[in-house]
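Structure first, commentary second.
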Amino acid sequence: MEPFKVIIVEDVPLELRGTEGILKTDIPEAQLIGTADSETAYWKLIKRELPQLVLLDLGLGGSTTVGVEICRQTKDSYPSVKVLIFTGEILNEKLWVDVLDAGADGIILKSGELLTRGDVASVMEGKRLVFNQPILQQIVERFKKAVRVQMQRQDALVDYEIDEYDERFLRHLALGYTKEQIASLRGMPFGVKSLEKRQNELVQKLFPHGNGGVGVNATRLVVRALELRILDIDNLRPDEA
């Protein structure tokens, strides 16, 4: 790894000393040109001398949004500068998404293995989305959950014999469309009477043992489709009219 200049943005003195120690011991190529404990101090530093890497803590002065804005403005103003988040915000997943959207090159959580030479080398070599083990574990768990949900949906479509028009019909019912509105959708070759018949057939498919003696209206049918993963609640979007 070639020598590079780095700025550390950290407002907790003890954690700052720890980060400096990691660089000194494990990453001698890192030439520390300054540290900043606030947004103001950071902008003064970077305007004085441009680094190749910014190690950025997100929780500055009790605010997490400051770190996100520092990342965004840095990437906008100095696209060549790498921004590696090194943060103790280990539970704030929304914050991780915000800072990735802001252009961060990676996120290292201050837990587990902390900051490693390999992480820094990966960022300096141009790799995007560099994460350490704690955040990778959470990402993998989310990925596995998403795949399981997708497979459950595919299995439900097969098991309950749901075709394209069934799915479109149920999806638009979930969005609050009337049967008249659904019948008018582009590519929907059914009138209102046919849709009523299709709804009754779907009730038979999704409630093969009845509904405890209670009738099944459109709302209950949609809820059942969501329960069975036939409908994806995160992708309820209307088709073109």
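Any chance you could give the angle, 0 to 90 degrees and rounded to 10, that helix 164-174 forms with the longest Cα principal axis of the chain?
80 degrees
Helix 218-227 sits at what angle to the longest principal axis of the chain, using alpha carbons and giving 0 to 90 degrees rounded to 10?
50 degrees
Which order do 43, 96 take when ranked by solvent-accessible area (1.4 Å probe, heavy atoms of all protein chains), largest first?
Working: 43 40, 96 20 Å².
Descending accessible area places them as 43, 96.
Accessible area per residue for segment 191-241 in Å², computed with a 1.4 Å probe and the full protein assembly in place, what is it?
64 Å²
Quick one: if you take sqrt(5λ) for each eigenvalue of the C-alpha gyration tensor of segment 1-40, what semi-axes come out, biggest first, whole angstrom?
One finds semi-axes of 19, 13, 5 Å for segment 1-40.
What dipole magnitude, in Debye to the nearest 20, does the chain give about its Cα centre under +1 on Lys/Arg Cβ and -1 on Asp/Glu Cβ?
Computed charge dipole of the chain: roughly 540 debye.
Please turn the phi angles of segment 185-195 into ³J(HN,Hα) values with the Karplus equation 6.51 cos²θ - 1.76 cosθ + 1.60 (θ = phi - 60°), one per residue in order, whole Hz, x for glycine and proline.
These are the phi-based 3J(HN,Hα) values: 5, 4, x, 9, x, 10, x, 4, 4, 5, 5 Hz.
Provide the percentage of antiparallel DSSP beta bridges, counting only those with both residues in the chain; round to the nearest 5. Working shown, then result.
Values: 1 of 21 bridges.
Percent antiparallel among DSSP bridges in the chain is about 5.
Work out, in µm²/s and without decimals, the Stokes-Einstein translational diffusion coefficient of segment 1-81 at 10 °C, 1.306 mPa s, Rh from Kirkwood over C-alpha pairs.
Working: Rh = 12.8 Å.
Rounded, D is 124 µm²/s.
What whole-number distance in Å separates the alpha-carbon centres of segment 56-72 and segment 179-219?
Segment 56-72 and segment 179-219 have Cα centres spaced 51 Å from each other.
For segment 93-184, place one equal point scatterer on every Cα, skip the solvent, and apply the Debye formula. What is log10 of I(q)/I(0) at q = 0.12, 0.18, 0.20 Å⁻¹?
-0.64, -0.85, -0.96
How are the C-alpha pair distances of segment 138-204 spread across 5 Å bins, as whole percents from the shortest bin up?
Going out from 0 Å in 5 Å bins, segment 138-204 shows 3, 15, 22, 18, 13, 11, 8, 5, 3, 0 percent.
To the nearest 0.05, what FRET efficiency results for residue 65 and residue 147 with a Förster distance of 22 Å applied to their C-beta separation?
Calculated value: 0.10.
Cross-link partners among aspartates and glutamates for residue 75, C-alpha distance below 20 Å, same-chain residues fewer than 8 apart left out?
10, 37, 39, 49, 57, 98, 101, 105, 119, 125
Compute the Cα gyration tensor for segment 188-241, then decide on rounded, prolate or oblate, letting a ≥ b ≥ c be the square roots of its eigenvalues: rounded whenever a/c is under 1.5, prolate when a/b is larger than b/c in the other cases, and oblate in all that remain. Mind dumping the intermediate values first?
Values: a/c = 2.50, a/b = 1.22, b/c = 2.04.
Oblate, because a/c is 1.5 or more while a/b does not exceed b/c.
What aspartates and glutamates could a cross-link reach from residue 193, if we take a straight Cα to Cα line under 19 Å and drop same-chain neighbours fewer than 8 places away?
Qualifying aspartates and glutamates at Cα under 19 Å: 163, 164, 166, 167, 180, 201.
Return the ratio Rg/(2.2 N^0.38 Å) for the chain, where Rg is computed over Cα atoms only.
1.49
Summing Lys, Arg as +1 and Asp, Glu as -1, what charge do residues with Cβ under 12 Å from the Cβ of residue 236 carry, residue 236 excluded? Walk me through the numbers on the way to the answer.
Working: positive: 168, 171, 237; negative: 167, 232, 234, 239.
Surrounding charge for residue 236 is -1.
Under Stokes-Einstein, with the Kirkwood radius over Cα pairs standing in for Rh, what whole-number D in µm²/s applies to segment 152-241 at 20 °C and 1.002 mPa s?
162 µm²/s
Out of residues 5 or more away from residue 5 or on other chains, whose amide H comes under 5 Å of its own, with H placed 1.01 Å from N in the peptide plane?
Answer set, sorted by chain and number: 31, 52, 53.
If you take the charge dipole of the chain about its Cα centre, with +1 on Lys and Arg Cβ and -1 on Asp and Glu Cβ, which of 225, 64, 214 is farthest toward its positive end?
The residue sitting most towards the positive pole is 214.
Rounded, prolate or oblate: which one fits segment 73-130, using the alpha carbon gyration tensor with axes a ≥ b ≥ c (rounded when a/c is under 1.5, else prolate when a/b beats b/c, else oblate)?
Oblate is the answer for segment 73-130, as a/c is 1.5 or above yet b/c matches or exceeds a/b.
Per DSSP helix of 4 or more residues, -39500 (n - 2.57); summed, then divided by the residues of the chain. What does that give at 222 nm, rounded to the nearest 500?
For the chain, the value works out to -16000 deg cm²/dmol.
Would you mind checking which residues have amide H under 5 Å from residue 130's amide H? H placed 1.01 Å from N; only 5 or more apart, or other chain.
106, 107
Based on the mean of other Cβ atoms within 10 Å per residue, sort peptides 130-138, 80-88 so the most packed one is first.
The densest-packed peptide leads the list: 80-88, 130-138.
The values are calculated or read from the model by the stated rules, or taken from the named source; none is laboratory data. All values reported here derive from a predicted model rather than from experimental measurement. Cβ sites come from the backbone with ideal geometry, for glycine too, and all protein chains shown count toward neighbours. When the accessible area is computed, the model is the full protein with side chains, heavy atoms only, and any ligands, DNA or RNA have been set aside. Shrake-Rupley method; radii C 1.70, N 1.55, O 1.52, S 1.80 Å.
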